[in-house]
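The values are calculated or read from the model by the stated rules, or taken from the named source; none is laboratory data. Everything numeric in this text was worked out from a predicted model, so none of it was measured. For neighbour counting, all protein chains shown are included, and Cβ atoms are generated from backbone atoms with ideal geometry for every residue, glycine included. Areas reflect the complete protein model, heavy atoms only, side chains present, ligands, DNA and RNA absent. Shrake-Rupley method; radii C 1.70, N 1.55, O 1.52, S 1.80 Å.
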Amino acid sequence: MAWAMIKNEGKLTMSRDRFGRNINYLRISLTDKCNLRCVYCMPEAMTFRPRHELLQKEEFARLVRIFAELGFTKFRLTGGEPTIHPDFMEIVRQIAATPGVEKVAMTTNGLRLEEQARELVAAGMRRVNVSIDTLDPEKFHKLTRWGKVEDVWRGIHAAEAAGLEVKLNAVVVRNYNDKEDVVDLARLTLYQPWQVRFIEMMPFGDVADFQQAGIVPEEELRQTIAAALGPLGVVDNGRLDGEARLYKLADAPGTIGFISSVTQPFCADCNRARLTADGRLRLCLLREKEVNLMDPLRGGATDEELKEIIEEGIWHKPWGHQLDQHIIPLNRVMSEIGG
Ligand code: SAM
Ligand code: SF4
């Protein structure tokens, strides 16, 4: 097999796929569970997997070590809500202390940041992306089904005070937060050196009809912001910062990012793979293809055997999504993959 040939030639110091992309960024869904039920993420009556079906902290530690030995350097914890995992802090410590790991980050709804921020920094976390889709308490409650925006806001400030680099994420949903809420969030960049990123809603599983009906394309968002706050200047000639294309309002200390996987896919620059809480290697967020790592892990596979399975999976990573051909991933919703 081609991937094995590359390995045998001694060239595999990094995990490459068959399109030549260097895959060195692993997003780990620590748990499928969450303390919110955002309308764009999961159905209200979502059910979760029993604990024994999910990776335990020792299993996460072993897999992270193996991925790091395969050349992965950046790790992001997500979920569900990573901060509610019973071993969350211990897992952060383990990952940060793993040789080869250069960056440990997290995506969170921010509800537990106020109590956890300082300990997180001590554990080795450096960056957090906090989801906040609107500053309006009522709309926030409606979007998250029961969240309080004040809790998230306090979490953001606690994270900053603790020395974490903070970015804000907002998923935009038509008729929920697509007008003044977007402007209010963008306006924050006039006063704070923050990166505020607007995410196009993506379709998954049972929630796909709602998601497709409610998507607001980046272009419309840029027009809404520019009409209210003035022209948006392109930052860094439009080069991607992670998955976001950045813009700036005149004289703003902060930046406005757009993550537009649906209308402007960035598959050519993709460097990521995902590990689900039930131990599947998900090769593309928006494709169903997964590799089962849980069974070999619990079935006694050696490190070398697990590496071979991972390498082969990475080699066969799909080029990208097929939303333009109306092919939607149906086997999981977003909270089970981690974004
Ligand atoms: N619970 C954490 C949070 O909300 O930040 C982490 C998990 S959440 C699944 C990761 C990211 O995915 C969040 O920024 C969330 O807003 C985003 N997200 C959820 N559903 C989405 C969808 N259908 N399309 C695009 N982004 C989505
Ligand atoms: Fe939970 Fe995050 Fe999904 Fe909201 S987006 S339901 S906070 S996992």
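Give the number of residues within the range 19-40 that are assigned to a loop (DSSP other than H, G, I, E, B), touching an Asp or Glu at 6+ places or on another chain (Cβ under 9 Å) and within 15 Å of ligand 1 (Cβ to nearest atom).
Counting residues in the range 19-40 that are assigned to a loop (DSSP other than H, G, I, E, B), touching an Asp or Glu at 6+ places or on another chain (Cβ under 9 Å) and within 15 Å of ligand 1 (Cβ to nearest atom) gives 10.
Condition first: away from ligand 2 (no atom under 16 Å from the Cβ), among the aliphatic types (A, V, I, L, M), loosely packed, with under 14 Cβ neighbours inside 10 Å and touching a residue at least 24 places away in the same chain (Cβ under 8 Å). Can you find one or more residues in the range 133-144 that meet it?
No, there is no match, as no residue in the range 133-144 is away from ligand 2 (no atom under 16 Å from the Cβ), among the aliphatic types (A, V, I, L, M), loosely packed, with under 14 Cβ neighbours inside 10 Å and touching a residue at least 24 places away in the same chain (Cβ under 8 Å).
Scan (1) within 16 Å of ligand 2 (Cβ to nearest atom); (2) out of contact with any helix residue (DSSP H, G or I) (no Cβ under 9 Å at 6 or more places or on another chain); (3) open to solvent by 50 Å² or more (accessible area, probe 1.4 Å) for the single condition Thr78 breaks and write down its number.
In the conditions (1) within 16 Å of ligand 2 (Cβ to nearest atom); (2) out of contact with any helix residue (DSSP H, G or I) (no Cβ under 9 Å at 6 or more places or on another chain); (3) open to solvent by 50 Å² or more (accessible area, probe 1.4 Å), Thr78 misses (3) alone.
Evaluate the following for Leu285: is it under 28 Å from Phe48 (Cβ atoms), within 16 Å of ligand 1 (Cβ to nearest atom) and open to solvent by less than 40 Å² (accessible area, probe 1.4 Å)?
When the stated conditions are applied, Leu285 passes them.
Does at least one position in the range 141-149 carry a residue that is more than 15 Å from Asn35 (Cα to Cα) and modelled with pLDDT of 95 or more?
No, there is no match, as no residue in the range 141-149 is more than 15 Å from Asn35 (Cα to Cα) and modelled with pLDDT of 95 or more.
List the residue pairs whose Cβ atoms are under 7 Å apart, where the first residue sits in the range 265-290 and is more than 26 Å from Gly238 (Cα to Cα) and assigned to a loop (DSSP other than H, G, I, E, B), the second is β-branched (Val, Ile, Thr) and open to solvent by less than 50 Å² (accessible area, probe 1.4 Å), and the two are 6 or more positions apart or on different chains.
Once the first residue is more than 26 Å from Gly238 (Cα to Cα) and assigned to a loop (DSSP other than H, G, I, E, B) and sits in the range 265-290, its partners that are β-branched (Val, Ile, Thr) and open to solvent by less than 50 Å² (accessible area, probe 1.4 Å) give Thr276/Ile337; Ala277/Thr31.
Being over 27 Å from Asn175 (Cα atoms) and out of contact with any helix residue (DSSP H, G or I) (no Cβ under 8 Å at 6 or more places or on another chain) narrows it down to one residue among Leu30, Leu63, Leu54; which is it?
Leu54
Going by the conditions given, is Leu246 over 20 Å from Asn169 (Cα atoms), buried (at least 18 other Cβ atoms within 10 Å of the Cβ) and either of a type in the set (D, E, K, R) or touching an Asp or Glu at 6+ places or on another chain (Cβ under 7 Å) (or both)? If you could, list the steps in order and put the result at the bottom.
Numbers: over 20 Å from Asn169 (Cα atoms): no; buried (at least 18 other Cβ atoms within 10 Å of the Cβ): yes; either of a type in the set (D, E, K, R) or touching an Asp or Glu at 6+ places or on another chain (Cβ under 7 Å) (or both): yes.
No, not satisfied.
Residues Met14, Met42: which one is hydrophobic (A, V, I, L, M, F, W, C) and more than 13 Å from Ala273 (Cβ to Cβ)?
The conditions single out Met42.
Restricting to the range 13-47, what's the tally of residues that are more than 16 Å from ligand 2 (Cβ to nearest atom), over 15 Å from the mean Cα position of the chain (by Cα) and polar (S, T, N, Q)?
Residues flagged as more than 16 Å from ligand 2 (Cβ to nearest atom), over 15 Å from the mean Cα position of the chain (by Cα) and polar (S, T, N, Q) within the range 13-47 amount to 3.
Of all residues being within 15 Å of ligand 1 (Cβ to nearest atom) and open to solvent by 10 Å² or more (accessible area, probe 1.4 Å) in the range 105-118, which is farthest from the chain's Cα centre (by Cα)? Just the residue, please.
Among those that are within 15 Å of ligand 1 (Cβ to nearest atom) and open to solvent by 10 Å² or more (accessible area, probe 1.4 Å), it is Gln116.
Provide a single number: the residues in the range 316-339 that are open to solvent by less than 40 Å² (accessible area, probe 1.4 Å) and in a loop (DSSP other than H, G, I, E, B).
Going through the range 316-339 one residue at a time, the tally reaches 11.
For the range 150-248, please list each of the strands (runs of 3 or more DSSP E) lying entirely inside it that holds at least 3 residues being under 18 Å from the mean Cα position of the chain (by Cα) and without any contact (Cβ under 8 Å) to a residue 12 or more places away in the chain.
none
Got a number for residues in the range 294-309 being touching an Asp or Glu at 6+ places or on another chain (Cβ under 9 Å) and either charged (D, E, K, R) or within 30 Å of Glu200 (Cα to Cα) (or both)? Give the steps one after another, and end with the answer.
Just the residues of the range 294-309 that are touching an Asp or Glu at 6+ places or on another chain (Cβ under 9 Å), to begin with: 294, 296-298, 301, 303, 307.
After this cut, where a residue has to be either charged (D, E, K, R) or within 30 Å of Glu200 (Cα to Cα) (or both) as well, the list is 298, 303, 307.
Within the range 294-309, residues that are touching an Asp or Glu at 6+ places or on another chain (Cβ under 9 Å) and either charged (D, E, K, R) or within 30 Å of Glu200 (Cα to Cα) (or both) number 3.
Checking the structure you have, find out if any residue of the range 143-158 is of a type in the set (A, V, I, L, M, F, W, C), closer than 24 Å to Arg245 by Cα and touching a Ser or Thr at 6+ places or on another chain (Cβ under 9 Å).
Checked against the condition, which is being of a type in the set (A, V, I, L, M, F, W, C), closer than 24 Å to Arg245 by Cα and touching a Ser or Thr at 6+ places or on another chain (Cβ under 9 Å), the range 143-158 yields no hits at all.
Quick one: count up the residues across the range 64-109 that are under 23 Å from Cys34 (Cα atoms) and in contact with a Leu (Cβ under 9 Å, 6 or more places away or on another chain).
24
Select from the range 145-171 the residues that are open to solvent by less than 60 Å² (accessible area, probe 1.4 Å) and within 13 Å of ligand 2 (Cβ to nearest atom) and list them in ascending order.
Gly147, Val149, Asp151, Val152, Gly155, Asn169, Ala170, Val171
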